[in-house]
Amino acid sequence: MKSILDIFIDIASTPAILVALIAILGNILQKKDTATTVKGGIKTFVGFLVVTAGAGVIEKSLAPFGEMFKVAFNMQGVVPNNEAIVALALTKFGTYTALIMLAGMAFNILIARFTRYKYIYLTGHATLYMACMIAVILSVTGMQTWMLVLFGGLALGISNTIFPAVAQPFTRQITKNDSVALGHTGDFGYALSGLIGKYVGDKTKSTEDIKFPKGLSFLRDSTVSITLTMSVVYIIVALFAGSSYVTKNLSGGTNYIIYSIQQAGSFAAGVFVILAGVRLILAEIVPAFKGISEKLVPNSIPALDCPIVFPYAPNAVLIGFLTSFLGGIVSLIIMVFAGTTVIIPGVVPHFFCGATAGVYGNATGGVRGAVVGSFIHGVIISFMPILLMPVMGGLGFQGSTFSDTDYGVTGIFLGNLANMGGQIAVISGILAVLLILVLLTIFQKKKVSKA
């Protein structure tokens, strides 16, 4: 039984396999021929591997940047990193995490089937990480295993339904349709960036319409502009870190300026690879998902990982990353002077979440929306971990913590309920949110019937 569960968890937490199987199932339900079904599954599988490879290249190029930043500015503190904190938590809460993840995926499908919120969350690793955080928080209440799995799974299913729904009005403005949703643990922050952009910017002045002088027209190419911009950023940080540190500890003897340019080029290459993979996935998964929508969950919408929006505004991706990171630096300075726990800007979350926030801010507020929305997003993901850490039990004060906004919203909500009223408060809070979803669905049906 355990080996079967392990296999299921491996599949569910491997987005490439999970989404490929979804594409195959969708084509089968539409009674497509074998060739089309196999082709759709394989191209979706390969597309996700391409995206994963691109993300790996970016993370590898950002790792030395983070190390240089800490040395350059002599900073010590907590670095938000989802992978690091999950690796620590799984050693103690691995079984709970697996069972909550399984239950959460089932509840997500049930909620999508019977409420107006038709989002099927397909980002497997994000589901795993959220399940892990929920397991840690609920275990503090002393729940019995069956209760922890049942209500933890319900909390996960609800969050995986609500957050794509919160972001969807803005996702729709980016994609121009409802064929896909965003299933990533920063949805709350992206929606907030979109809302901010709406009020502070002008969407007619898009980041993609930035005018360059004729002699600089080559900067219209996102690969070129990203490479040049990141080269400048890397070189500045490397100069502050010092030649001796970089060559001895990071570059393996390569000149520190050359090394910085090389890492900036690797970063741009990773972005290029991600954009190619996203196009491949969307070309297959959206048509295939029509079969699931028609047969299992009528009108369902696949919620996919954040890089799906990168091709819509490549300039906003770079602007969002840089301004979100700037928000993290400003927050760090405030924390130092305020004497609180210092959250060192995590370069990876500021890239993936900040870049996405930039795309959402641009969709509603153009250049100004992208800048302001992603900057405020950067401030939020810097201070939110401070509020999350106390509710994480013994794991709360390790050298790392969860970074993205959805972890903060869910964790702070459940953790404070647990601290105030224990099991009863947590269960009541989860059921209350579920009741709200049901009532909103009933209200919508009555409204439609009257119309």
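The values are calculated or read from the model by the stated rules, or taken from the named source; none is laboratory data. Note that the structure is predicted; figures quoted are calculated from it, not measured. For neighbour counting, all protein chains shown are included, and Cβ atoms are generated from backbone atoms with ideal geometry for every residue, glycine included. Heavy atoms of the whole protein, side chains included, go into the accessibility calculation; ligands, DNA and RNA do not. Shrake-Rupley method; radii C 1.70, N 1.55, O 1.52, S 1.80 Å.
Per the Kirkwood formula on distinct C-alpha pairs, the Rh of the stretch 57-206 is how many angstrom? Kindly include the intermediate steps, with their values, before the conclusion.
On the way: mean 1/r = 0.0569 Å⁻¹.
Value: 17.6 Å, from the Cα pair sum.
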Largest-first principal axis extents, alpha carbons of the stretch 151-199, Å: 37, 23, 12
If I model a spin label at residue 334 and residue 431 as a point 7 Å from the Cα along the Cα→Cβ vector, what separation in nanometres do I get? 3.9 nm
If each residue of separation counts as 0.36 nm, what is the full-extension length gain between residue 209 and residue 42 once their alpha-carbon separation is subtracted? 56.5 nm
If we count every other residue with Cβ under 15 angstrom of residue 198's Cβ, Lys/Arg +1 and Asp/Glu -1, where does the sum land? +3
Return, ordered by residue number, the residues of the stretch 321-357 whose backbone nitrogen is under 14 Å from a label point located 7 Å along Cα→Cβ of residue 88. 342-344
How far apart, in nm, are the 7 Å Cα→Cβ label points at residue 179 and residue 419? 4.6 nm
In this structure, the FRET efficiency calculated for residue 438 and residue 74 from their beta-carbon separation, with R0 = 45 Å, to the nearest 0.05, is 0.25
Select from the chain the helices, each a whole stretch of DSSP H, whose alpha-carbon atoms run 24 Å or more along the helix axis and whose Kyte-Doolittle mean is at least 0.5; answer none if there are none. 34-72, 82-114, 145-175, 222-241, 256-295, 314-338, 347-388, 405-450
Taking a quarter of the surface of the convex hull around the Cα atoms of the stretch 1-449, what do you get in nm²? 23.7 nm²
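Which value at 222 nm does the chain reach when only helices count, each DSSP H run of 4 or more adding -39,500 (n - 2.57), with the total divided by all residues and rounded to the nearest 500 deg cm²/dmol?
Values: 13 runs with 339 residues, N = 451.
-27000 deg cm²/dmol, from helical runs alone.
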Neighbourhood charge, 12 Å Cβ-Cβ cut-off, centred on residue 373 and excluding it, Lys, Arg +1 and Asp, Glu -1: +3
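Any idea what the relative contact order of the chain is, in percent, if you count C-alpha pairs under 8 Å spaced at least 6 apart?
Details: 823 pairs, mean separation 117.3, N = 451.
Reported as a whole number, the value is 26 percent.
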Magnitude of the Cβ-charge dipole (Lys and Arg +1, Asp and Glu -1) of the stretch 1-449 about the Cα centre, nearest 20 debye, reported as 1000 debye
Among 359, 415, 49, whose Cα projects farthest towards the positive end of the dipole of the chain, with charges put on the beta-carbon of Lys, Arg (+1) and Asp, Glu (-1)? 359
If the limit is 23 Å between Cα atoms, which of 118/205; 92/118; 60/211; 60/176; 176/205; 70/92 go over it? 118/205; 92/118; 60/211; 60/176; 70/92
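Let me check something: with ligands and nucleic acids excluded, how do 305, 209 order by accessible area (1.4 Å probe), largest to smallest? Before the final figure, lay out each step's value.
Values: 305 30, 209 80 Å².
Heavy-atom accessible area, descending, gives 209, 305.
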